[in-house]
Amino acid sequence: MTETTEVVVIGGGYAGVMAANRLTLRGDVRVTLVNPRASFVHRIRLHQLVGGTDGAVVEYREVLGEGVRLVVDTVARIDAAGRAVELESGGTVGYDYLVYAVGSGSADPSVPGAARYAYPIGTFEEAQRLRPVLEAVPATAAVTVVGAGPTGIETAAELAEQGRRVTLVCGGVLGPYLHPRGRR
Ligand SMILES: Cc1cc2nc3c(=O)[nH]c(=O)nc-3n(C[C@H](O)[C@H](O)[C@H](O)COP(=O)(O)OP(=O)(O)OC[C@H]3O[C@@H](n4cnc5c(N)ncnc54)[C@H](O)[C@@H]3O)c2cc1C
C-alpha cells in the first residue's frame, strides 16, 4: 500500500493555486491550501477594481483543482519541528511538505506624506479602499499616479481610458524594464 504524503500550501494566490493543482496530479499526495479569503483574488486586476471595470475576485471552485482541500484561515505560525501550521482560528494542520506562497508586499512608503495621503493598491483591501474615493470625486478631478512600474502604468492607463486627467510620475525612465519600442 502506498503512503499518502500530506502537503500544506500557505497562500492561495497564483503561485499557491498552481502548486496545489499541480500536486493533485499525483495520486499519492493530499493537498490542503490555506488562504484567509474564501475567494481567489486576481491581483493583476486590482487596478481594474480601482477603475471599476473588474471585481478582481474569482470563486476558488473556478481555479482550484477538485482534489485540493481549501481551509479559509490565516497561518499564524509554522511549527517546523512538529510539522504543522498553526491557524489564527486556533486549529493546526499537519504536513509532510510545506509550500510557502504568501505573495509579496509593498515597501513602506519612504516619501513624507505618502503613508497618510496616498492610496497604495498592492492588496485587495487597499484597492477596495481607493475605489469609493475615486467614485466620490468629480470625473474631472486630477489623479496623480506615482511610480511607473507595471502597476503604475496599468493604473494610469485604466483611469485615463475612463477620461480621467491622469499624471504619471516616474523616475528617470518610464517603465525601465520595457524594451524601447514598448516604452515608446
Ligand atoms: C495592480 C497590479 C497589477 C499587476 N499586474 C501584473 C501583470 O499584469 N502581470 C504580472 O505578471 N504580474 C502583475 N502583478 C504582480 C502579481 O500580482 C504578483 O506577482 C502575483 O500576485 C504574485 O503571486 P503570488 O501567488 O506569489 O502572491 P499573491 O497573488 O499575492 O497571493 C498570496 C496569497 O497568500 C495569502 N496569504 C498571505 N499571508 C498568508 C498567511 N499567513 N496565511 C495564509 N495565506 C496567506 C494572501 O491572502 C494571498 O491570497 C500585478 C500586481 C498588482 C498589484
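The values are calculated or read from the model by the stated rules, or taken from the named source; none is laboratory data. None of these values were measured; they are calculated from a predicted model. Here Cβ is always computed from backbone atoms with ideal geometry, including for glycine, and neighbour counts include all displayed protein chains. Side chains are part of the model used for accessible areas, which takes the heavy atoms of the whole protein and leaves out ligands, DNA and RNA. Shrake-Rupley method; radii C 1.70, N 1.55, O 1.52, S 1.80 Å.
General remarks:
- Residue within the stretch 142-151 that is on the phi > 0 side of the Ramachandran plot, in contact with a strand residue (DSSP E or B) (Cβ under 9 Å, 6 or more places away or on another chain) and open to solvent by less than 60 Å² (accessible area, probe 1.4 Å) present: yes
- Unmet criterion (only one of (1) under 15 Å from the mean Cα position of the chain (by Cα); (2) under 13 Å from VAL17 (Cβ atoms)) for HIS47: (2)
- Cβ-Cβ distances below 7 Å connect the following pairs, each with a first residue in the stretch 92-105 that is touching a residue at least 60 places away in the same chain (Cβ under 8 Å) and small (Gly, Ala, Ser), a second residue that is assigned to a strand (DSSP E or B) and open to solvent by less than 60 Å² (accessible area, probe 1.4 Å), and a separation of six or more residues or different chains: GLY94/GLU6; GLY94/ALA84; ALA101/VAL9; ALA101/ILE10.
- When restricted to residues that are open to solvent by less than 60 Å² (accessible area, probe 1.4 Å) and within 15 Å of the ligand (Cβ to nearest atom), the stretch 91-102 contains 6.
- The number of residues in the stretch 1-29 being surrounded by fewer than 18 Cβ atoms within 10 Å (Cβ to Cβ) and touching a Ser or Thr at 6+ places or on another chain (Cβ under 6 Å) comes to 2.
- Residues within the stretch 24-41 that are of a type outside the set (A, V, I, L, M) and near the ligand (Cβ under 8 Å from one of its atoms), tallied: 4
- Qualifying positions in the stretch 37-60 - open to solvent by 20 Å² or more (accessible area, probe 1.4 Å), of a type in the set (A, V, I, L, M, F, W, C) and under 19 Å from VAL71 (Cβ atoms): ALA38, VAL41, VAL57, VAL58
- The set of residues in the stretch 131-154 that are under 15 Å from THR167 (Cα atoms) and either assigned to a loop (DSSP other than H, G, I, E, B) or β-branched (Val, Ile, Thr) (or both) comprises ALA139, THR140, ALA141, VAL143, THR144, VAL145, VAL146, GLY147, ALA148, GLY149, THR151, ILE153.
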